[in-house]
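Read through the structure below, which is laid out as structure tokens, and then see the notes.
The values are calculated or read from the model by the stated rules, or taken from the named source; none is laboratory data. Since the model is a prediction, treat every value here as computed from it, not as a measurement. Here the Cβ positions follow ideal geometry from the backbone for every residue, glycine too, while neighbour counts run over all protein chains shown. To get the accessible areas, we keep the full protein, side chains included, count just its heavy atoms, and leave off ligands, DNA and RNA. Shrake-Rupley method; radii C 1.70, N 1.55, O 1.52, S 1.80 Å.
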Protein chains: 2
Amino acid sequence: MRACGVIVEYNPFHNGHLYHLEQSKQEADAECMIAIMSGQFLQRGEPAIIDKWHRTEAALKKGVDLVLELPYIYAVEHSDHFSKGAVRTLSEMGVKSLCFGSEHGEIHAFEKAYCHLKQHQATYDLAVRTHLNEGYAYPEASRKAYEEINLPSDSIDLTQPNNILGYSYVKEVLTYDPNMTPLTIKRTANNYHDETILGHIASATSIRKQMKQYGLSQPAREALPDSTVEQLLSYQRKNDDWHDWEHYFHLLHYKILTMSCDELRSIHGVDEGLEHRLKRTIKQATSFESFMNALKTKRYTWTRLQRTLVHILIGTKKSLAQQLLHDERPPYARVLGMTDTGRQYLKEQKKKMNIPLITQPQQLDHPMLELEERASVSYYSILKAEKRVACLKREYGAPVMH
Amino acid sequence: MRACGVIVEYNPFHNGHLYHLEQSKQEADAECMIAIMSGQFLQRGEPAIIDKWHRTEAALKKGVDLVLELPYIYAVEHSDHFSKGAVRTLSEMGVKSLCFGSEHGEIHAFEKAYCHLKQHQATYDLAVRTHLNEGYAYPEASRKAYEEINLPSDSIDLTQPNNILGYSYVKEVLTYDPNMTPLTIKRTANNYHDETILGHIASATSIRKQMKQYGLSQPAREALPDSTVEQLLSYQRKNDDWHDWEHYFHLLHYKILTMSCDELRSIHGVDEGLEHRLKRTIKQATSFESFMNALKTKRYTWTRLQRTLVHILIGTKKSLAQQLLHDERPPYARVLGMTDTGRQYLKEQKKKMNIPLITQPQQLDHPMLELEERASVSYYSILKAEKRVACLKREYGAPVMH
């Protein structure tokens with residue numbers, strides 16, 4: 001069976017995702033669509049608005065055949081680690097192609113950029129280091145370095161967030177798995193960062209912004225499949241609200257102020273004296289947003305800080321993160337949900353895999369799964385006691401079947 | 001100026017406390033009454049129903065001249081450590097007598113018991129160890145050991161909680177400070193553990209129980225001075241409720257399930273594999289009470305478990321606790337509040353003291369004060385954001401003046 005992989009967050013699943021799925025299936029001539037999806041916390045260092053089980057359901061309903069969990073340690077990371085975790089898991093699953101959305105829309109441009117970079121790797125690396133030392137955050141340092149090695153003018157624009165991610169996927173595919181073909185679909189309508197909704201297709205960012213301000217208002221509903229709308233409403237009813245950093249602020253406050261500076265420094269992402277700034281700042285803050293605004297500087301981007309705060313919330317140690325991120329391969333592939341097609345594909349593929357395939361975390365003893373458990377504990381800790389116990393139990397249950 | 005010391009929690013300040021204060025002052029012929037009071041968390045391993053600043057105010061209003069903070073590390077401990085911290089601080093303050101309430105009411109009986117124990121120390125120690133090994137909790141092991149060394153029949157009944165504490169004070173006074181005279185006042189009416197209120201004088205336990213079930217109902221009001229009633233009502237209005245373990249349960253759940261077993265084992269009080277039991281049990285529990293009921297065994301008394309849970313909440317490391325508890329003297333004496341008499345006494349006494357006298361925590365850099373800060377962070381973490389920030393600020397402010 002020919003499988004095509006997609007790398008997703010579905011926060012929430014919207015019309016643009018549906019379009020991308022359908023186009024990818026066609027472009028790849030695939031019989032089975034495999035999504036590798038982030039769990040409870042996302043790449044920008046935020047809790048997903050609804051949990052991974054509900055997002056899995058949404059995906060299976062709309063054309064995905066198999067949902068795998070992108071382990072937390074890769075999911076809450078910059079694009080290189082994120083891509084490594086996602087691409088290598090898909091590679092283990094034997095997918096023949098990886099199809100991503102991008103502002104550019106032409107895969108050759110990505111490949112060309114990659115070849116150009118390979119030729120100028122040393123210059124590029126030096127430039128990145130120089131700009132980091134000048135105090136720039138990593139994305140900006142990297143953008144400047146690309147400028148300095150003169151990416152060909154018909155190449156991709158690496159200031160566009162989906163181009164950056166896509167480029168990172170292509171780099172990973174071309175270096176790691178020559179049997180996988182990278183494909184890209186041009187994103188239509190809204191940019192990733194756009195915060196207004198202009199029609200039937202809108203970015204997840206703009207949809208979330210609408211939802212936060214006005215709930216599921218008409219513009220948000222128009223950008224979502226009916227099934228997503230129903231699901232979001234039912235989740236909100238059951239759990240009092242969607243998940244948002246603001247709900248976790250008291251936990252962050254408690255955690256940061258009951259940790260010693262040494263303990264804070266041992267957390268992944270707490271570097272260069274950030275521990276003192278964190279303690280000083282959170283003592284005065286009365287909301288997550290005011291905390292973040294007081295915390296951020298040129299060196300610390302909003303995203304990097306948010307990721308670090310997730311690591312503090314979950315207690316992700318530097319030493320463990322470095323070890324896990326350094327490993328050649330993800331230690332397992334975990335199934336969150338599947339359709340009949342997905343199940344059939346798994347049956348074919350299972351015996352060819354080099355890493356264990358698991359459907360429940362208790363099937364394997366690995367620190368990465370402990371982190372996953374802690375991510376879920378933290379994620380659900382804002383719920384009422386009965387809900388919390390029930391949701392945590394779900395973590396050890398069987399995958400979603402559709 | 002002749003000072004008399006009392007060791008208190010005032011949770012809340014009630015008519016029995018007032019009676020004890022007045023009797024002690026008379027009995028000791030004192031010009032200045034000094035109370036050493038536990039802070040945010042108490043000996044039985046519970047949050048105080050209102051914070052230390054309000055309890056200080058209540059004490060100053062009703063006859064105490066100087067309130068000192070019993071450091072957290074002594075306050076949330078069994079009677080020997082508790083007494084050590086309290087008596088030695090009072091000794092540094094130059095008090096001439098220590099007056100405690102007891103069921104027995106005759107100081108000679110306490111002194112006699114102490115002499116008898118000194119003669120049979122080796123037998124007693126061996127018996128305690130034997131009973132601990134048999135699986136008894138410490139209070140029960142100790143009670144059995146006293147039985148075995150045949151305390152004289154006219155001696156104190158060491159199954160009565162205030163006798164136990166008083167005995168522990170007397171032991172500490174007689175071994176540590178020969179210039180201090182121990183005195184005792186017979187407790188009238190209710191026993192410590194009584195849970196019903198029978199009149200004008202009732203135990204703090206029975207008052208808290210009433211308050212928890214019925215709010216400030218008539219029986220509770222009768223056992224409290226009017227000023228306490230007003231204060232409790234105003235605290236409840238300002239902070240939504242009085243403090244209770246149930247309000248902290250979600251934090252405990254989050255904390256225990258995001259700590260590794262190794263991390264849990266490093267916490268003061270987590271011994272003999274308790275970390276596994278804690279994790280297993282809290283995963284199912286939907287309230288603090290159901291959690292405690294599932295957790296307790298013959299070996300772990302309710303009180304010992306609650307103390308351990310406070311240490312988990314605050315992150316009190318075993319290594320630090322052992323070091324601090326082992327020190328010969330408390331590292332400082334901290335003033336929480338004073339009257340004019342108290343201030344005058346301090347002026348006289350200050351130059352004779354062997355340890356620093358502080359009025360604000362930022363005057364000294366000591367791990368014990370860091371713990372105090374963390375105790376306050378944890379204690380206030382259940383409040384709304386604005387309240388939380390304001391209450392935490394109070395921690396660094398000047399003492400209460402009355």
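What distance in nm separates the simple spin-label points at A:Glu148 and B:Arg299, each placed 7 Å from Cα in the Cβ direction?
That separation, rounded to one decimal, is 6.2 nm.
So how far, in whole Å, is the C-alpha centre of the range B:22-48 from the one of the range B:98-159?
24
Output wanted: per-residue J couplings in Hz (rounded whole) for the range B:98-103, from phi through Karplus 6.51 cos²θ - 1.76 cosθ + 1.60, θ = phi - 60°, x for Gly and Pro.
For the range B:98-103, the Karplus curve yields 10, 10, 10, x, 8, 5 Hz.
If you take every residue apart from B:Gln23 with its C-beta less than 11 Å away from the C-beta of B:Gln23, what net charge results, scoring Lys and Arg +1 and Asp and Glu -1?
+1
Grab the other residues whose beta carbon is less than 15 angstrom from that of B:Lys96, score K and R as +1, D and E as -1, and report the net.
Its environment carries a net charge of -4.
Report ³J(HN,Hα) in whole Hz for each residue of the range B:170-184, in order, from the Karplus equation J = 6.51 cos²θ - 1.76 cosθ + 1.60 where θ = phi - 60°; Gly and Pro get x.
Those phi angles translate into 4, 4, 5, 4, 5, 8, 9, 9, x, 7, 9, 9, x, 10, 9 Hz.
What lysines could a cross-link reach from A:Lys61, if we take a straight Cα to Cα line under 20 Å and drop same-chain neighbours fewer than 8 places away?
Those lysines meeting the cut-off are A:Lys25, A:Lys52.
With all protein chains present, how much of the accessible area of chain B (probe radius 1.4 Å) comes from carbon and sulfur, to the nearest whole percent?
Here carbon and sulfur together make up 49 percent of the probe-accessible area.
Taking R0 as 60 Å, what FRET efficiency do you get between A:Asp226 and B:Ser227 from their Cβ-Cβ distance, rounded to the nearest 0.05?
Plugging the Cβ-Cβ distance into 1/(1 + (r/R0)^6) gives 0.45.
Taking the label point as lying 7 angstrom from Cα along the Cα-to-Cβ axis, what are the distances from A:Glu111 to the corresponding position in the remaining copies, in ascending order and in nanometres?
Computed spacing set for this position: 9.9 nm.
What does the charge count near A:Glu272 come to, summing +1 for each Lys or Arg and -1 for each Asp or Glu among other residues with Cβ under 11 Å from its Cβ?
+1
For the protein assembly as shown, give me the percentage of DSSP beta bridges that are antiparallel, rounded to the nearest 5 percent.
20
Go ahead and run the numbers for FRET between B:Leu325 and B:Arg2, Cβ-Cβ distance against an R0 of 51 Å, rounding to 0.05.
0.95
Search the structure for amide H atoms under 5 Å from the amide H of B:Lys317, placed 1.01 Å from N in the peptide plane, and list their residues when 5 or more places away or on another chain.
Distant-sequence amide H within range of B:Lys317: B:His268.
Roll a 1.4 Å probe over the protein heavy atoms and report the accessible area of A:His200 in Å², nearest 10.
Counting only protein heavy atoms, the figure is 120 Å².
Using the beta-carbon distance between B:Thr341 and B:Asn179 and R0 = 22 Å, what value does 1/(1 + (r/R0)^6) give for FRET efficiency, to the nearest 0.05?
0.55
Using 7 Å Cα-to-Cβ label points, what is the B:Lys350/A:Leu364 separation (nm, one decimal)?
Distance between label points: 6.5 nm.
List the residues, sorted by chain then number, that are 5 or more residues from A:Phe100 or on another chain and whose placed amide H is less than 5 Å from its amide H.
Residues meeting the amide H criterion: A:Leu183, A:Thr184, A:Ile185.
Summarise the partner chain shielding of A:247-255 as one whole number: the mean count of Cβ atoms from other chains within 10 Å of each residue's Cβ.
5
Add -39500 (n - 2.57) for each DSSP H run of 4 or more in chain B, then divide by its residues: what number comes out at 222 nm, to the nearest 500 deg cm²/dmol?
When only DSSP H runs of four or more count, the value is -16500 deg cm²/dmol.
At a probe size of 1.4 Å, how large is the accessible area of A:Ser234, to the nearest 10 Å²?
Its heavy atoms expose roughly 40 Å² to the probe.
From the residues B:Gly269, B:Thr297, B:Ser319, which one has its Cα farthest along the dipole of the range B:245-320 in the positive direction, the dipole being from +1 and -1 charges on Cβ of Lys/Arg and Asp/Glu about the Cα centre?
The residue sitting farthest along the positive end of the dipole is B:Thr297.
With every protein chain left in place, what is the accessible area per residue of the protein assembly as shown in square angstrom, probe 1.4 Å?
Ligands and nucleic acids excluded, the result is 40 Å² per residue.
Starting from the amide H of A:Arg334, placed 1.01 Å from N in the peptide plane, find each other amide H under 5 Å away whose residue is 5 or more places distant or on another chain.
A:Glu69, A:Ile358
Please list 3J(HN,Hα) in residue order for the range B:299-309, calculated via the Karplus relation 6.51 cos²θ - 1.76 cosθ + 1.60 where θ = phi - 60°; whole Hz, with x for glycine and proline.
6, 9, 6, 3, 5, 4, 5, 4, 4, 4, 5
Can you list the distances in nanometres, one decimal and ascending, from the B:Ser217 label point to the identical position in each other copy, with the point 7 Å along Cα to Cβ?
For B:Ser217, the inter-copy label distances come out at 5.0 nm.
Give me the residues in the range A:354-388 whose solvent-accessible area, probe 1.4 Å, is reduced by at least 20 Å² once all protein chains are included instead of the chain isolated.
The answer is A:Glu373, A:Arg374, A:Val377, A:Ser381, A:Ala385, A:Glu386, A:Arg388 - residues whose exposure falls by at least 20 Å² when every protein chain is included.
Shortest first and in nm with one decimal, please list how far the A:Leu18 label point sits from its counterparts in the other copies (point 7 Å along Cα→Cβ).
Output for A:Leu18: 7.1 nm, nearest copy listed first.
Relative to the Cα centre, what is the charge dipole magnitude of the protein assembly as shown, using +1 at the beta carbon of each Lys and Arg, -1 at the beta carbon of each Asp and Glu, and rounding to the nearest 20 debye?
Here the protein assembly as shown has a charge dipole of around 60 debye.
Mind scanning A:Lys112/A:Lys186; A:Lys96/A:Lys352; B:Lys84/B:Lys144; A:Lys84/A:Lys118; A:Lys212/A:Lys393 and naming the pairs with a C-alpha gap bigger than 20 Å?
Among A:Lys112/A:Lys186; A:Lys96/A:Lys352; B:Lys84/B:Lys144; A:Lys84/A:Lys118; A:Lys212/A:Lys393, the Cα-Cα distance tops 20 Å for B:Lys84/B:Lys144; A:Lys212/A:Lys393.
How do A:Lys25, A:Lys96, A:Lys279 stack up against each other in accessible area, from largest to smallest, with a 1.4 angstrom probe?
Heavy-atom accessible area, descending, gives A:Lys96, A:Lys25, A:Lys279.
I'd like the interface area for chains B and A: accessible area of each alone minus the complex, both sides summed, 1.4 Å probe, protein heavy atoms only. What is it in Å² to the nearest 100?
When B and A are taken together, about 2700 Å² of accessible area is lost.
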